[in-house]
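These notes are about the structure you will find just below.
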Amino acid sequence: MARTWLSIRVELVSGHGADLWPRPGRIFAAARSHSFAQLATAIDLAFGRWDLAHLHLFTLSDGARVSPVDWWDGEAPDGTVDGHSTKLSRLQAGEQFAYVFDMGDDWAHLCTVAERRVDPLDELGESPARPVPYWGWGSLPDQYARRWDGDDGESSMPKRPTRGLGDLPPILPWWGEPRRG
């Protein structure tokens, strides 16, 4: 199995109306037998998305589009091939393609297939049943641009507690009110 899996670099370029710089990214190990739908799920999870009920679309370097066509209720873009049955074996070393999650907020990613393949046992210690990230960097924005629980996009940011972590329960030694001996 040595060096049979693809190594795919995925960088988050933009989303929710903003371009990101520096671009957060992840590098995935993926078997050529994995589907584009499996890669999409792996990307969404690795980029911290929790509301997965959104359409997604890959646009390959030759202009081909890949997406789960059953999700589009008969209105998939013309020529779209099914992401559940289309395998990553379609990709070539060095190829670049785009992935967009949530067609409203347009979380756009640049994906690049590495020139060299990887051995999943070396990178991951196993051969997982799905694509898996094995390296990453950067701060990930919230899927809906929320900065705290209850953020409505108009309210002021909550004030930071004056006593550091004093508002937390004393489960860990540095949480809660200072203990007096």
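Give me the strands (runs of 3 or more DSSP E) completely within the range 1-107, filtered to those with at least 1 residues that are out of contact with any Asp or Glu (no Cβ under 9 Å at 6 or more places or on another chain) and open to solvent by less than 80 Å² (accessible area, probe 1.4 Å), ordered by residue number.
Counting at least 1 such residues, we get 6-15, 25-30, 56-59, 96-101.
Going residue by residue through the range 105-117, is there one that turns out to be over 22 Å from V13 (Cα atoms) and free of Cβ contacts under 8 Å to residues at least 12 places away in the same chain?
The answer is no; no qualifying residue exists.
Quick check, is R117 of a type outside the set (G, A, S) and either in contact with a Leu (Cβ under 6 Å, 6 or more places away or on another chain) or under 30 Å from H84 (Cβ atoms) (or both)?
The answer is yes for R117.
Residues being touching a strand residue (DSSP E or B) at 6+ places or on another chain (Cβ under 6 Å) and either under 15 Å from F36 (Cβ atoms) or open to solvent by less than 30 Å² (accessible area, probe 1.4 Å) (or both): count how many of those fall in the range 108-131.
Count: 7.
Looking at this structure, is L45 under 23 Å from L124 (Cα atoms) and without any contact (Cβ under 8 Å) to a residue 24 or more places away in the chain?
In short, yes.
Filter the range 156-171 down to residues that are modelled with pLDDT of 90 or more and either open to solvent by less than 60 Å² (accessible area, probe 1.4 Å) or under 30 Å from W107 (Cβ atoms) (or both), then give me how many there are.
Qualifying residue count, the range 156-171: 4.
The values are calculated or read from the model by the stated rules, or taken from the named source; none is laboratory data. This one's a predicted model, so the numbers in the text were calculated from it and none came from an experiment. Cβ: placed from backbone, ideal geometry, glycine included. Neighbour counts: every protein chain shown. Only protein heavy atoms, including side chains, enter the accessible area calculation; ligands, DNA and RNA are left aside. Shrake-Rupley method; radii C 1.70, N 1.55, O 1.52, S 1.80 Å.
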